[in-house]
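Here the structure is laid out as structure tokens; the discussion comes afterwards.
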Amino acid sequence: MTDAAALLLSTRRIALVGASARPDRPSFGVMRFLLARGYDVTPVNPGLAGQVLLGRPVVASLAEAGPLDMVDVFRRSAEAGAVVDEAVRLGARSVWLQLGVRDPAAEARAREAGLAVVADDCPAIAWRRHGLPDRVDAL
């Protein structure tokens with residue numbers, strides 16, 4: 001089993017940073033996918049704070065999404081480091097940087113702090129790639 005698969009199977013709570021209310025956006029589709037698999041997902045987007053997205057209240061900051069298990073980052077690579085550093089500061093267990101998102105220095109800081117890190121990957125794609133079960137909450 002890869003690190004990504006093990007992380008998906010051991011995670012229950014996910015803060016999704018960069019959540020979008022637009023169904024055509026990847027963050028919307030991934031959030032829907034994760035909710036359908038039984039994850040407790042909190043969307044994080046200051047521009048949507050107070051709204052409800054896929055039945056979940058949107059919060060403005062990562063601090064409001066706690067307690068943190070995994071932080072799934074839908075931000076540009078140039079903005080990912082600040083999110084990773086905040087995840088470390090707030091005690092997250094892991095960070096997942098979406099497809100195309102890389103910040104090697106931030107990834108190294110997170111690993112040094114003891115977090116599991118997956119970068120440039122998508123949980124929905126990794127789920128299918130590894131043939132994981134229909135729902136994580138059934139494990």
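The values are calculated or read from the model by the stated rules, or taken from the named source; none is laboratory data. Note that this is a predicted model, so its numbers are computed, not measured. With ideal geometry, Cβ positions are generated from the backbone for all residues, glycine too; neighbour counts draw on all protein chains shown.
Details
- Any chance ALA110 is within 16 Å of the chain's Cα centre (by Cα) and over 18 Å from ASP3 (Cβ atoms): no
- Yes/no for ARG56 being farther than 18 Å from TRP96 by Cα and in contact with a Pro (Cβ under 7 Å, 6 or more places away or on another chain): yes
- The condition of being modelled with pLDDT of 95 or more, farther than 13 Å from VAL17 by Cα and not in a strand (DSSP E or B) holds for only one of ARG102, ARG128, that being ARG102.
- Just so you know, in region 83-99 the residues that are aliphatic (A, V, I, L, M) and not in a loop (DSSP other than H, G, I, E, B) include one that is farthest from VAL17 (Cα to Cα), and it is VAL88.
- Hey, ALA63 outside any strand (DSSP E or B), modelled with pLDDT of 95 or more and surrounded by 14 or more Cβ atoms within 10 Å (Cβ to Cβ) or not: no
- Scan of region 86-108 for residues that are small (Gly, Ala, Ser) and in contact with a strand residue (DSSP E or B) (Cβ under 6 Å, 6 or more places away or on another chain), ordered by number: ALA87, ALA92, SER94
- Between ALA108, ALA5, ALA80, the distinction of being without any contact (Cβ under 8 Å) to a residue 12 or more places away in the chain and either basic (Lys, Arg) or assigned to a helix (DSSP H, G or I) (or both) belongs to ALA108 only.
- Residue list for region 111-125, restricted to those being free of Cβ contacts under 8 Å to residues at least 40 places away in the same chain, surrounded by 12 or more Cβ atoms within 10 Å (Cβ to Cβ) and part of a loop (DSSP other than H, G, I, E, B): ALA113, LEU115, ALA119, ASP120
Conditions (1) touching a strand residue (DSSP E or B) at 6+ places or on another chain (Cβ under 8 Å); (2) over 18 Å from LEU115 (Cβ atoms); (3) surrounded by fewer than 21 Cβ atoms within 10 Å (Cβ to Cβ); (4) among the polar types (S, T, N, Q), marked per residue:
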{"residue": "ALA19", "(1), (2), (3), (4)": "yes, yes, no, no"}
{"residue": "SER27", "(1), (2), (3), (4)": "yes, yes, no, yes"}
{"residue": "PHE33", "(1), (2), (3), (4)": "no, yes, yes, no"}
{"residue": "VAL84", "(1), (2), (3), (4)": "yes, no, no, no"}
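- Complete set of residues in region 35-47 that are in a loop (DSSP other than H, G, I, E, B), surrounded by fewer than 17 Cβ atoms within 10 Å (Cβ to Cβ) and in contact (Cβ under 8 Å) with a residue 24 or more places away in the chain: GLY38
- Every residue from region 48-58 that is farther than 20 Å from ASP134 by Cα, touching a residue at least 24 places away in the same chain (Cβ under 8 Å) and part of a loop (DSSP other than H, G, I, E, B): LEU48, GLN51, VAL58
- Residue under evaluation ASP72, criteria (1) of a type in the set (D, E, K, R); (2) within 11 Å of the chain's Cα centre (by Cα); (3) assigned to a loop (DSSP other than H, G, I, E, B), criterion not met: (3)
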